[in-house]
Each structure stands twice: as structure tokens, then as C-alpha cells.
1. What is the residue count in the stretch 71-99 for residues that are open to solvent by less than 40 Å² (accessible area, probe 1.4 Å), aliphatic (A, V, I, L, M) and either assigned to a helix (DSSP H, G or I) or at pLDDT below 95 (or both)?
2. Write out, first by first residue and then by second, each pair whose Cβ atoms fall under 8 Å of each other, whose residues are 6+ apart or on separate chains, and whose first residue, in the stretch 60-79, is under 15 Å from residue 126 (Cα atoms) while the second is of a type in the set (Gly, Ala, Ser) and assigned to a loop (DSSP other than H, G, I, E, B).
3. Any residue at all in the stretch 108-126 that's within 19 Å of the chain's Cα centre (by Cα), open to solvent by less than 70 Å² (accessible area, probe 1.4 Å) and at pLDDT below 90?
4. Answer yes or no: is there a residue in the stretch 110-117 that is more than 30 Å from residue 63 (Cβ to Cβ) and either touching a residue at least 24 places away in the same chain (Cβ under 8 Å) or outside any loop (DSSP other than H, G, I, E, B) (or both).
5. For the subset of the stretch 47-57 comprising residues that are surrounded by 15 or more Cβ atoms within 10 Å (Cβ to Cβ) and touching a residue at least 24 places away in the same chain (Cβ under 8 Å), which member is nearest to residue 132 (Cα to Cα)?
Amino acid sequence: PSLTSCAKKKKQQQQVQIFANGVNPQEPSVAVVDTMPDSLPPLKNHYYLLRHGQSTANVEGIISSARSLAGSTKHGLTLLGIEQGRASAPSLIDCIEQDLNDDDITSTKEVYFFSSPFARAKETAEQCLAGMRSNDEVAKRIEELGLKIHKEVMLDDGLMERYFGRLD
């Protein structure tokens with residue numbers, strides 16, 4: 001181990017020893033918890049992030065994140081981006097299937113698509129959904145897994161990337 005990791009370990013041991021008596025030396029009036037609380041019940045949801053396909057802004061070398069573009073069709077997907085969105089469907093189903101097989105609990109089998117209102121993200125989600133419907137093998141796997149795929153892409157302003165100001 002490096003000196004840094006040894007120093008960190010020694011510091012952690014000192015903290016454990018200091019806190020073992022139930023008093024926080026930094027704030028003696030604050031109680032120290034000596035046991036961990038019960039863990040939360042297992043969650044039934046899984047979340048997957050899908051990067052948008054190639055957009056016209058990508059091709060033009062433009063950083064496109066102005067909030068004024070939310071809901072517009074400007075900087076949507078290129079033909080390659082559309083193909084990428086459709087091609088993502090089998091991989092997404094692979095991930096869902098693996099999580100369903102790995103779960104100790106029964107996960108929900110409903111799949112919802114949420115997207116930022118930027119055209120590139122919304123169009124990618126729509127193309128992924130289209131890929132699920134148009135690919136017979138994927139559609140068969142969805143049926144075998146008992147998945148319910150919601151066909152509407154729900155837009156959420158909270159999913160917009162940050163604003164780059166004058167660099168946008």
C-alpha cells in the first residue's frame with residue numbers, strides 16, 4: 001500500500017477510536033450513532049440511461065443546451081442517430097433481462113421512457129421504442145419477459161443538461 005493509503009487508514013482508525021467513546025470531538029453536543037439503522041427494503045425499480053444518438057449539432061460541432069431549444073425540433077437526430085436509437089433497443093432489453101434474472105425480489109415489469117425536451121433526447125427515446133416494435137426478435141423477448149412497454153415518451157425539464165451560457 002502507498003503512504004497515502006496507510007495515512008488514511010491510520011486516520012480512520014484514530015477516528016474510530018475517538019468516536020468509540022460516543023463523543024464527537026468536533027461537536028461534543030452532537031450525539032454519535034454507534035449502530036447502523038435498519039436497511040431500507042429492496043427497491044423494485046431499475047433505471048437505465050440512454051445517451052442520445054448522433055445529432056445535427058454533434059456533426060456541426062455545436063454545444064446545444066440552451067433552454068430556449070427545449071421542445072423545438074432544432075438539432076434533432078441525423079440518419080445515423082436514428083439508426084443508433086433503433087439499434088439501442090436490443091441492448092436495453094438485454095440489460096432489463098439481466099436485472100430481472102439477478103433480482104432476489106420481483107421487479108416491476110413496466111418500462112417507461114423519460115426524456116429531456118431536447119429534440120435529440122426525445123427522438124432517441126422514440127427511436128428506441130420504434131426499434132422495440134419493429135424488431136421481431138426484440139418484440140418476442142419483450143413478450144417472453146412479460147414486459148409492458150409504455151409507448152409514450154414523458155418529457156421532463158429536470159433532465160435537461162446544464163446551460164453553458166455564452167459557450168452555447
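1. 4
2. From the stretch 60-79, the pairs are 77/53; 78/53.
3. The answer is yes, given that some residue of the stretch 108-126 is within 19 Å of the chain's Cα centre (by Cα), open to solvent by less than 70 Å² (accessible area, probe 1.4 Å) and at pLDDT below 90.
4. Checked against the condition, which is being more than 30 Å from residue 63 (Cβ to Cβ) and either touching a residue at least 24 places away in the same chain (Cβ under 8 Å) or outside any loop (DSSP other than H, G, I, E, B) (or both), the stretch 110-117 yields at least one hit.
5. 50
The values are calculated or read from the model by the stated rules, or taken from the named source; none is laboratory data. If you're wondering where the values come from, they're calculated on a predicted model, not measured in any experiment. Please note: Cβ atoms are built from the backbone with ideal geometry, for glycine as well, and neighbour counts cover all protein chains shown. These accessible areas exclude ligands, DNA and RNA; they are computed on the full protein's heavy atoms, side chains included. Shrake-Rupley method; radii C 1.70, N 1.55, O 1.52, S 1.80 Å.
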